[in-house]
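Okay, structure first, notes after.
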Amino acid sequence: MKKLARPAQKPPRENTIALINIVFLMLIFFLIAGTLAPPMDGDVALIKTVQAEAVAPPRAVFVTQQGVVTYQGEVITADQYQRVIASQQTDGAGDGPLGQSGSGPSIKIAADGKLAASRLITIIDEFKTAGAARVSIITERKDQ
């Protein structure tokens with residue numbers, strides 16, 4: 001009588017639960033990271049510059065081609081903006097969406113490229129008069 005050979009053992013099944021967990025955590029991470037930056041105002045096409053430093057998009061005051069000033073989708077004046085920033089600081093929301101430097105907040109303005117320069121200067125003066133310590137203009141890098 002001849003002995004039968006033992007059947008080869010099947011390799012153990014790979015545990016895919018760990019891989020599913022990692023993919024799920026990555027999905028959650030990218031969903032949260034993707035919603036941190038506020039959307040751009042659709043009516044504003046940024047000023048284009050040749051030499052610009054790449055930075056993350058901030059919460060900004062947008063100025064349309066017609067000179068309409070908006071913040072978070074609402075039409076706003078420089079004085080109203082200062083009150084919003086002050087209320088965010090007292091509500092415990094950090095130091096406001098744009099930071100604090102000197103005697104007032106730093107304001108970042110994303111102006112439409114077709115906005116008249118004289119109107120942009122007037123808007124900057126309004127924010128300076130309302131108490132802004134620093135006003136920065138957000139531009140878009142132009143490919144050469």
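The values are calculated or read from the model by the stated rules, or taken from the named source; none is laboratory data. Every value quoted in this text rests on a predicted model; they were computed, and no experiment measured them. As a convention, Cβ positions derive from the backbone with ideal geometry for all residues, glycine included, and neighbour counts pool all protein chains shown. Note: accessible area is taken over every heavy atom of the protein model, side chains too, but ligands, DNA and RNA are not part of it. Shrake-Rupley method; radii C 1.70, N 1.55, O 1.52, S 1.80 Å.
Picking from residues in the range 33-49 that are open to solvent by less than 100 Å² (accessible area, probe 1.4 Å) and of a type in the set (A, V, I, L, M, F, W, C), the one that is modelled with the highest pLDDT is Ala33.
More than 17 Å from Asp125 (Cα to Cα) and either touching a Cys at 6+ places or on another chain (Cβ under 8 Å) or modelled with pLDDT of 80 or more (or both) - does that describe any residue in the range 84-99? Explain how you work it out, then say what you get.
Quick first cut of the range 84-99, residues more than 17 Å from Asp125 (Cα to Cα) only: 84-99.
Of the ones still in play, those that are also either touching a Cys at 6+ places or on another chain (Cβ under 8 Å) or modelled with pLDDT of 80 or more (or both) are 84.
Yes.
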